[in-house]
Amino acid sequence: TALFAVFSVVLYTALERGLRNQLDETLDAESRSAAALFLSEMQEMKGDAIAAATEAVNEMNVRGVVLGVYDGARLLASNNAAPPALLASVMTARGASAIGQAYDVPAFTKAGGRAMIQRSEYGGRAFHVLALMSRVSIDGSLGIVQRLLLFGLPLLLAAAGAGGYALATRNLRPLRDMAEQCQSITSQNLNRRLEIDSPSNELETLATAFNGLLARLDASFDTMRRFIADASHELRTPVSVVRGEADVALSRERPASEYRDALQAIHEESKRLSILIDDLLNLTRADAGHYALRAGELYWNDLLAECCRSAQALAAGKAITIECRVDGDVPYRGDEALLRRMTLNLLDNAIRYAPAGGKVTAVLDRRPAGVDIRIVDNGIGIAAGAIPRVFERFYRGDEARSRVAGGFGLGLPIVMTVANRALGAP
């Protein structure tokens, strides 16, 4: 509405100025022609000003243009029945200061008028030619435009409003449908996706982005559910063992040696339970981003050698040889505690699944972009189908599911978490 109103004002103003300029050009042309014709007639009439003025205004009989020839303030002749007093007042209102300039004459007709004066000289005498035109033609044209705008503008606004409402309703309907679909999606049906009929490019982009978000949420919730189920399963086993040993020990009086065996079993299961809880807490803290890195300067070769020595006690029980190969001093900046945990987890995993009397090799190489660490064993290996899942929490390959063989399936996920989130910049 504001734009249409501004357009109407600009259009009306420009049209009024154009019509007025056109009227002024006509006045200028007619007054100049009359002044030139008056001088010509003066020459023919041998200086008879009245006769020359009369002849000039009669020959310049232009419809709608009032001409008057003046000798000073005296009207010599005019081509219109307008009162001489009016013509005199128009003449004297501006006088010589208005030569060649158009100006308004409000008293000339109801619509007002425009006047212009030209100066002529003959024989040392100064004469003035007055041209006067009514504004009725301008006001008529402006009136038509005014009525057109006054009646047409509301109709145009009504049509534009109806069209805009229809377009907005049609274009917003898919958004309302999307909002209703979003309200029906909960944690129980994250597999649903937004569907829109005949989407525009923008809405299709929005729906695709939101469906991508739903897919990521669905995967995250699925991972969380599996994590909770697996954690519950892993926690239930040591708790059941502890409770079973306690129930057996308390069922009747037993020798001290049997109580000692029961307490030993409870102690072992408590250690496993404590390790599992620590691993879960560390993973949860890492996922939440609450672990504050304590980066410092270190040497990777020293850290790897210390980890190999620490793992030697576990390897000795299976007569496994640990070989540590490093490429000189390798300075690094990172969180030493996390790096140690990562390396020990890899060594523990290798020793756990290496055969008795086997070999585990730890290799450290310097690379242009960082450090390359490889922990290699000659054990059962990983099935090709299991490789994509070895870093999933609580996942263990079929060959590794024995409680005698190993842990909870959290070692490699912790390694991946450290490598992704806890390493300092090299």
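Miscellaneous remarks
- Cα pair count fraction exceeding 21 Å, expressed as % - the stretch 96-217: 69 percent
- Largest first, the residues F221, F151, F7, F38 sort by 1.4 Å accessible area into F151, F7, F221, F38.
- Modelled this way, with points 7 Å down the Cα-to-C-beta line, the labels at R63 and S257 are 14.2 nm from one another.
- Virtual spin-label span in nm between Y122 and R170, 7 Å along Cα→Cβ: 7.5 nm
- The stretch between R294 and V376 holds 26.6 nm of extra length on full extension. This uses 0.36 nm per residue minus the Cα-Cα distance.
- Between the amide H of F127 and those of S120, E121, Y122, distances stay under 5 Å, these residues lying 5 or more places away or on another chain, with hydrogens modeled in the peptide plane.
- Gain in span if fully extended, T208 to R192, counting 0.36 nm per residue against the direct Cα distance: 4.5 nm
- Computed log₁₀ I(q)/I(0) - Debye formula, equal Cα scatterers, no solvent, the stretch 1-80, q 0.14, 0.16, 0.23, 0.24 Å⁻¹: -0.56, -0.64, -1.00, -1.05
- Protection-proxy order for peptides 264-272, 244-252, each taking the mean of Cβ atoms within 10 Å per residue, highest first: 264-272, 244-252
- Per-q log10 I(q)/I(0), the stretch 103-149, q = 0.17, 0.18, 0.19 Å⁻¹ (Debye; single scatterer per alpha-carbon; no solvent): -0.61, -0.64, -0.68
- If you plug the beta carbon distance of R216 and Q146 into 1/(1 + (r/R0)^6) with R0 = 45 Å, you get a FRET efficiency near 0.10.
- Gain in span if fully extended, T223 to A419, counting 0.36 nm per residue against the direct Cα distance: 68.5 nm
- For R193, neighbours were defined as the other residues whose beta-carbon sits under 15 Å from its Cβ, and their charges (Lys and Arg +1, Asp and Glu -1) total -4.
- With each label modelled as a point 7 angstrom along the Cα→C-beta vector, the T361-T1 pair spans 8.5 nm.
The values are calculated or read from the model by the stated rules, or taken from the named source; none is laboratory data. It should be emphasised that the depicted structure is a prediction, and the values quoted were computed from it without experimental measurement. In this analysis, Cβ positions are derived from the backbone assuming ideal geometry, glycine residues included, and neighbour counts consider all displayed protein chains. SASA here: full protein model, heavy atoms, side chains in, ligands and nucleic acids out. Shrake-Rupley method; radii C 1.70, N 1.55, O 1.52, S 1.80 Å.
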